[in-house]
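Novice: Before I ask anything, here is the structure I am working with.
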Amino acid sequence: MPTDNSLSRRHLLGSAALVAFAAALPAAVADQTSPLKPDPLHNLKIGVASYSLRKLNVDAAVKAIQRVGLKYVSPKDMHLPLKGTPEQIKAGVKKFTDGGLIVISCGVITLPANEGQVRNAFEYAKAAAIPTIVCNPVPAALPICDKLIKDYDIRLAIHNHGPEEKTWPSPYEPWDAIQNLDPRIGLCIDVGHTARAKVDPAEAILKCQSRLFDIHFKDIDSTAPTGKPIEAGRGALNLKSILQALVKINYAYHVGIEYEKDADDPLPGLAETVGYIRGALAAIE
């Protein structure tokens, strides 16, 4: 018959084993579940070009971006005025950052062939701590940009504007123009304007990837020169191929939704566009 001492010893050993098992259990469970789920956005920095919200004040624009669950923003000057002291510009950026948003680029800013005005654009981005200026330079401004970018180390992304804009209708005209310029001078491909200029946006993304610093993402109802903005997925663009191209090149810069329709009430269409992007990216392996 077992003694009291042997029972106690057996009980203690059993208890110790149980404690050891219990201590190991969370680790075992953690080992089974430790692989993190892949980012549903494939690490793309999906955000909003604030021109989409041009009739909202900055506080309402911040709330709208929060509502659709995004964290990146590219302010236009109605939300971050170009004219102001560095302190005023910093205070303007703070309205976004206080709302949990990352100000990843700005623009579109027109750059004339005037060194003082081009420098002002760089000073604006410097004060705001914005790494990329989406811009529309006249060709004669490019040598000035090439000179000043060395002082500021801020990227320039030339925005194409479709067939009605004779200088930069598609990404390929600025692409050709910048080949001998500083590599920090690159492109913002507007996928809608690109398609209206009869260039495939996905092909342009692949070709120009080395100097592609911003994207304006949208859908249009037709690729004719008269094509108009529409909610993503309802229009004529092959948006899936565009997103696949961005995923393929591990695109590291801003994918800014520019929802230009419904300026008086942009939130429903913006939300639908965000939902389309999430669904399309979820289908990409």
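The values are calculated or read from the model by the stated rules, or taken from the named source; none is laboratory data. Quick caveat: nothing in here was measured; it's all calculated off a predicted structure. Cβ coordinates were reconstructed from backbone atoms using ideal geometry, including for glycine residues, and neighbour counts include every protein chain displayed. Surface accessibility is based on the protein's heavy atoms, side chains included, excluding ligands, DNA and RNA. Shrake-Rupley method; radii C 1.70, N 1.55, O 1.52, S 1.80 Å.
Novice: Report the FRET efficiency, 1/(1 + (r/R0)^6), for residue 67 and residue 284, where r is their Cβ-Cβ distance and R0 is 41 Å, rounded to 0.05. Intermediate values should be presented prior to the final figure.
Specialist: Details: r = 25 Å, r/R0 = 0.61.
Calculated transfer efficiency: 0.95.
Novice: Calculated from DSSP H runs of 4 or more alone, at -39500 (n - 2.57) each and per residue, what is the 222 nm mean residue ellipticity of the chain, nearest 500?
Specialist: After summing the helix terms and dividing by the residues of the chain, the value is -13500 deg cm²/dmol.
Novice: Still on this structure, please answer the following. So what's the angle, to the nearest 10 degrees on a 0 to 90 scale, between helix 58-67 and the longest Cα principal axis of the chain?
Specialist: 40
Novice: Within the stretch 48-70, list the residues whose amide N lies under 16 Å from a label point set 7 Å along Cα→Cβ of residue 91.
Specialist: Counting backbone N atoms under 16 Å from the label point, the list is 58-59.
Novice: Right, another one. Taking amide H positions as placed in the peptide plane 1.01 Å from N, state which residues far from residue 185 in sequence (5 or more) or on other chains have amide H under 5 Å from it.
Specialist: For residue 185, the qualifying residues are 156.
Novice: Roughly speaking, what % of Cα-Cα pairs in the stretch 29-172 are separated by over 25 Å, rounded to a whole number? Don't skip to the end; give the middle numbers.
Specialist: Values: 3789 of 10296 pairs.
So the portion of pairs separated by more than 25 Å is 37 percent.
Novice: Per residue, how big is the convex hull around the C-alpha atoms of the chain? Give it to me in cubic angstrom, could you? Intermediate results must be reported in sequence, preceding the final value.
Specialist: Numbers: hull volume 55.7 nm³, N = 285.
It is 195 Å³ per residue.
Novice: Which order do the peptides 103-115, 83-95, 269-281, 221-233 come out in when sorted by mean C-beta neighbours inside 10 angstrom, highest first? Spell out each step's value before the answer.
Specialist: Details: 103-115: 20.6, 83-95: 14.0, 269-281: 18.8, 221-233: 16.8.
Highest mean packing first, the order is 103-115, 269-281, 221-233, 83-95.
Novice: What is the chain's relative contact order, in percent, from Cα pairs under 8 angstrom and six or more apart in sequence? List each step's numbers first, then the result.
Specialist: On the way: 499 pairs, mean separation 49.5, N = 285.
Reported relative contact order: 17 percent.
Novice: Find the relative contact order for the stretch 138-251 and round it to a whole percent, using C-alpha pairs within less than 8 Å whose residues are 6+ positions apart.
Specialist: Values: 198 pairs, mean separation 24.4, N = 114.
Computed value for the stretch 138-251: 21 percent relative contact order.
Novice: I'd like the accessible area for residue 161, computed on protein heavy atoms only with a 1.4 Å probe and all protein chains in place. Round to 10 Å², please.
Specialist: 40
Novice: Residue-wise, which Karplus ³J(HN,Hα) couplings in Hz belong to the stretch 77-86, taking 6.51 cos²θ - 1.76 cosθ + 1.60, θ = phi - 60°, and x for glycine or proline?
Specialist: In residue order, the calculated couplings are 5, 6, 10, 9, x, 5, 8, x, 6, x Hz.
Novice: Now for a different question. Consider a paramagnetic label point 7 Å from the Cα of residue 226 along Cα→Cβ; state which residues of the stretch 167-197 have an amide N under 20 Å from it.
Specialist: Output list for this probe position: 192-197.
Novice: Another one. Taking 0.36 nm per intervening residue step and subtracting the Cα-Cα distance, what contour gain separates residue 248 from residue 177 on full extension? Mind dumping the intermediate values first?
Specialist: Details: separation 71, 0.36 × 71 = 25.56 nm, distance 2.56 nm.
Roughly 23.0 nm would be gained on extension.
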